[in-house]
Amino acid sequence: MNTVSEFAAAHAEGRKIVVVTAYDAWSARLLADAPVDCLLVGDSALMVMHGERDTLGATVELMAMHTRAVARGAPDKLIIADMPFLTVRKGSAAAVEAAGELMRAGAHGVKIEGVRGHGDVVRHLVESGIPVMGHLGLLPQSVYSIGGYKVQGKGTEAANALLRDAKELERAGAFSVVLECIPRKLATRISKALRVPTIGIGAGPDCGGQVLVLHDLLGFNAHFQPRHVRRFAEGAAVFREGVDDYARAVQRGQFPGGRECF
Ligand code: KIV
């Protein structure tokens, strides 16, 4: 799958869409043959790869660099890149410039957090030929105004507002909408109300697909397991075991061995 139209096709066939984050060439190379529909170059790269406490430091240049690396590793995968913090708030021209940079780096579309106050920018990008994935619910770029990484859309008013936002995104031309950390019932309601697929993360099983941060699902963040993450491998343990074995072999004079010398 490397065009967003196949998102619609998969959704129409009732097939769940599988999305995972990727930030670099080596993991993208491993993902190239995996049964994953789409690689998301999320601005979570700031936290996962750069150790920042939030995603706000992402720049277009940095996201383009990560996108380029992912595109080199998985040239046949559909790649969506996050629009960095505030890039959609400087008007349509600036947003086109930023999205163009990410597309030239290898993205096939961009993901945009929120819609209130920038629905026109989403529409302009779509009309400019840039596929847009929306993102509602917990918006990490707004973490300081929403008071932390908390479940969103609780209560009737907040739920209705999110449903309105989702419909606005669809009307503006978004090909899909990520729903992050909202109650399962609300995600189901939004998913049923939209024609485009929703992609859930902490939004229950009734979305059109799911997305997880690669390092979370592989268990590389040993000390971080929010409720919505399932660990499908014990990556941190495998990593440590390999490095421990290597260190021991060096310390004991067992590496390199005869066959590893020239
Ligand atoms: O930045 C990111 O990785 C994301 C996903 C977790 C949805 O936005």
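Any read-out appearing in this document is the output of simple, stated calculations on the displayed coordinates, not a laboratory observation. What you are looking at is a predicted structure, and each value in this text was computed from that prediction instead of being measured. In this analysis, Cβ positions are derived from the backbone assuming ideal geometry, glycine residues included, and neighbour counts consider all displayed protein chains.
Quick notes on this structure:
- Residue pairs meeting the criteria (Cβ under 9 Å; at least 6 apart or on separate chains; first closer than 17 Å to residue 49 by Cα and among the acidic types (Asp, Glu), in region 207-235; second part of a helix (DSSP H, G or I) and within 11 Å of the ligand (Cβ to nearest atom)): 216/48
Here is a yes/no grid of residues against (1) more than 30 Å from residue 18 (Cα to Cα); (2) in contact with a Pro (Cβ under 6 Å, 6 or more places away or on another chain); (3) surrounded by 10 or more Cβ atoms within 10 Å (Cβ to Cβ):
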{"position": "222", "(1), (2), (3)": "no, no, yes"}
{"position": "225", "(1), (2), (3)": "no, no, yes"}
{"position": "229", "(1), (2), (3)": "no, no, yes"}
{"position": "232", "(1), (2), (3)": "no, no, yes"}
{"position": "239", "(1), (2), (3)": "no, no, yes"}
{"position": "246", "(1), (2), (3)": "yes, no, yes"}
{"position": "251", "(1), (2), (3)": "yes, no, no"}
{"position": "254", "(1), (2), (3)": "yes, no, yes"}
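- Pairs where the first residue, in region 33-53, is more than 26 Å from residue 16 (Cβ to Cβ) and the second is among the charged types (D, E, K, R) and near the ligand (Cβ under 8 Å from one of its atoms), C-beta under 9 Å, 6+ apart: none
- Within region 160-202, being within 15 Å of the ligand (Cβ to nearest atom) and surrounded by fewer than 20 Cβ atoms within 10 Å (Cβ to Cβ) holds for no residue.
- Within region 139-166, tally of residues that are under 25 Å from residue 195 (Cα atoms), in a helix (DSSP H, G or I) and under 22 Å from the mean Cα position of the chain (by Cα): 4
- Only one entry of 107, 99 meets the criterion of being surrounded by 24 or more Cβ atoms within 10 Å (Cβ to Cβ) and either more than 19 Å from residue 139 (Cβ to Cβ) or touching a Phe, Trp or Tyr at 6+ places or on another chain (Cβ under 8 Å) (or both), and that entry is 107.
- Residues of region 54-109 that turn out to be in contact with a Gly (Cβ under 9 Å, 6 or more places away or on another chain) and among the hydroxyl-bearing types (Ser, Thr, Tyr), as a count: 2
To keep it simple, each residue is scored yes or no on (1) under 22 Å from residue 38 (Cβ atoms); (2) part of a strand (DSSP E or B); (3) within 16 Å of the ligand (Cβ to nearest atom); (4) of a type outside the set (A, V, I, L, M, F, W, C).
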{"residue": "204", "(1), (2), (3), (4)": "yes, no, yes, yes"}
{"residue": "210", "(1), (2), (3), (4)": "yes, yes, yes, yes"}
{"residue": "220", "(1), (2), (3), (4)": "yes, no, yes, no"}
{"residue": "225", "(1), (2), (3), (4)": "no, no, yes, yes"}
{"residue": "228", "(1), (2), (3), (4)": "yes, no, yes, yes"}
{"residue": "236", "(1), (2), (3), (4)": "no, no, no, no"}
{"residue": "241", "(1), (2), (3), (4)": "no, no, no, yes"}
{"residue": "247", "(1), (2), (3), (4)": "no, no, no, no"}
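- With respect to the conditions (1) away from the ligand (no atom under 16 Å from the Cβ); (2) more than 20 Å from residue 39 (Cα to Cα), residue 129 lacks only one, and its number is (2).
- Check on residue 36, touching a strand residue (DSSP E or B) at 6+ places or on another chain (Cβ under 8 Å) and of a type in the set (A, V, I, L, M): yes
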